[in-house]
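A short write-up of the structure that comes next.
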Amino acid sequence: MPNDGSGRRLSSIERTFDIIEEIKELDGARVSELADRLEMPKSTVHNHLTTLVNRGYLVKYDGEYRLGLDFLNLGRYVKSDWKYEIVESKVHEIAEETGERTMFLVEEHGYGIYVFVETPPDVIKPGKWVYKRRSSLHAASSGKTVLAHLPEAYARDIVSRHGLPQLTENTHTSIGPLFEEMEVIREQGYALNREEHMKGVRSVSAPVFYPDDRFFGALSVAAPVRRLNGDRFRSEIPQLLMGIADEIQLRLRYASEEVTF
């Protein structure tokens, strides 16, 4: 999803979003807390908060500000507008069948965005890394799937802008080998993460396409090495993901006709 980000940045709007994101990170915050953390005058913070409350995007309880339900309305719109709701049930289905954490990731502004993360009850929940708003694309299997199916010029621009930070000893840190793997991913139809994003964790990913064969997003399954190895790692889960990716493509094609599968 190329976006040149050109144009003049408005500092007042950036401060508003800094406040919103800080409230989310803190699970609610008071004026003084936000002012300290963001190094902003209390009066400025208070003015932004008051505006957001009046617009319905924040609520105030006992002096603490929290995100309001208008954000939920926006999220529902985005989910429907981009047809992401078609994927949600399939992510749940994969998690149930494999017993492993299952995710759906899309690219935006050169980063990976986890739209859905389904963690079975008996799987230890991950740290905040898996829920981050933005994730680098070069290390996780889903991120490599994204890079492999974006226009190559844009994929190279992403790498040039964001770099290839080393997360483990197996992470790609050179562009040549990374893009050689992109060719393999396109040929075989899936990507593997061999402890490149987190030590002791592997993952498998497959691309999902729109009916016109434009890239939509990446399904992935992640698990500890001891559970994701051998044929399960190299064949069983890749085949499962590719099959369900095909089903999602059909759902996208017939979404307007309310066909169920």
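The values are calculated or read from the model by the stated rules, or taken from the named source; none is laboratory data. Please read all numbers here as calculations on a predicted model, not as lab measurements. Here Cβ is always computed from backbone atoms with ideal geometry, including for glycine, and neighbour counts include all displayed protein chains. SASA here: full protein model, heavy atoms, side chains in, ligands and nucleic acids out. Shrake-Rupley method; radii C 1.70, N 1.55, O 1.52, S 1.80 Å.
What residues from the stretch 31-48 fall in the zone where the backbone N is under 20 Å from a label point 7 Å along the Cα-to-C-beta line of R8?
The answer is none, because no backbone nitrogen lies closer than 20 Å to the label point.
Calculate how large, on average over all directions, the projected area of the Cα convex hull of the chain is; give the answer in nm² to one decimal. Intermediate values should be presented prior to the final figure.
Details: hull surface 65.8 nm².
Mean orientational projected area (the chain, Cα hull): 16.4 nm².
Which GluC sites (Glu not before Pro) from the stretch 168-211 combine a DSSP loop assignment with at most 10 other Cβ atoms within 10 Å?
Details: sites: E169, E180, E181, E183, E187, E195, E196; in loops: E169, E195, E196.
For GluC sites (Glu not before Pro) across the stretch 168-211 that sit outside H, G, I, E and B with at most 10 neighbouring Cβ atoms in 10 Å, the list reads E169.
With each label point set 7 Å from Cα along the Cα-Cβ vector, what nm distance links N73 and E33?
The answer from the label model is 2.6 nm.
Accessible area per residue, 1.4 Å probe, Å², for the stretch 85-191: what's the number? Spell out each step's value before the answer.
Working: 5080 Å² over 107 residues.
It amounts to 48 Å² per residue over the stretch 85-191.
Would you calculate, for the chain, the mean residue ellipticity at 222 nm contributed by helices, counting each DSSP H stretch of 4 or more residues as -39,500 (n - 2.57) and dividing by all residues, to the nearest 500? Kindly include the intermediate steps, with their values, before the conclusion.
Values: 9 runs with 115 residues, N = 261.
When only DSSP H runs of four or more count, the value is -14000 deg cm²/dmol.
Would you calculate the separation in nanometres between label points at E97 and I175, each defined as 7 Å from the Cα along the Cα-to-beta-carbon direction?
3.8 nm
Filter the trypsin sites (Lys or Arg not before Pro) in the stretch 192-224 down to the DSSP loop ones having no more than 11 other Cβ atoms within 10 Å, then list what survives. Walk me through the numbers on the way to the answer.
Numbers: sites: R194, K199, R202, R214; in loops: K199, R214.
For trypsin sites (Lys or Arg not before Pro) across the stretch 192-224 that sit outside H, G, I, E and B with at most 11 neighbouring Cβ atoms in 10 Å, the list reads K199, R214.
At a threshold of 8 angstrom on Cα-Cα distance, excluding pairs fewer than six apart, so keeping six or more, what relative contact order does the chain reach in percent?
14 percent
For the stretch 128-261, with all protein chains present and a 1.4 Å probe, just round the carbon and sulfur fraction of the accessible area to a whole percent. Don't skip to the end; give the middle numbers.
On the way: 3160 of 6670 Å².
With neighbouring chains kept in place, the figure for the stretch 128-261 is 47 percent.
Using θ = phi - 60° and the Karplus relation 6.51 cos²θ - 1.76 cosθ + 1.60, list the HN-Hα couplings for the stretch 243-254 in order, rounded to whole Hz, with x at every Gly or Pro.
Once θ is set to phi - 60°, the couplings for the stretch 243-254 become x, 6, 4, 5, 4, 5, 4, 5, 4, 4, 5, 9 Hz.
Could you list the GluC sites (Glu not before Pro) in the stretch 1-105 that lie in coil according to DSSP, counting only those with at most 11 other Cβ atoms within 10 Å of their Cβ?
Passing sites in the stretch 1-105 are E39.
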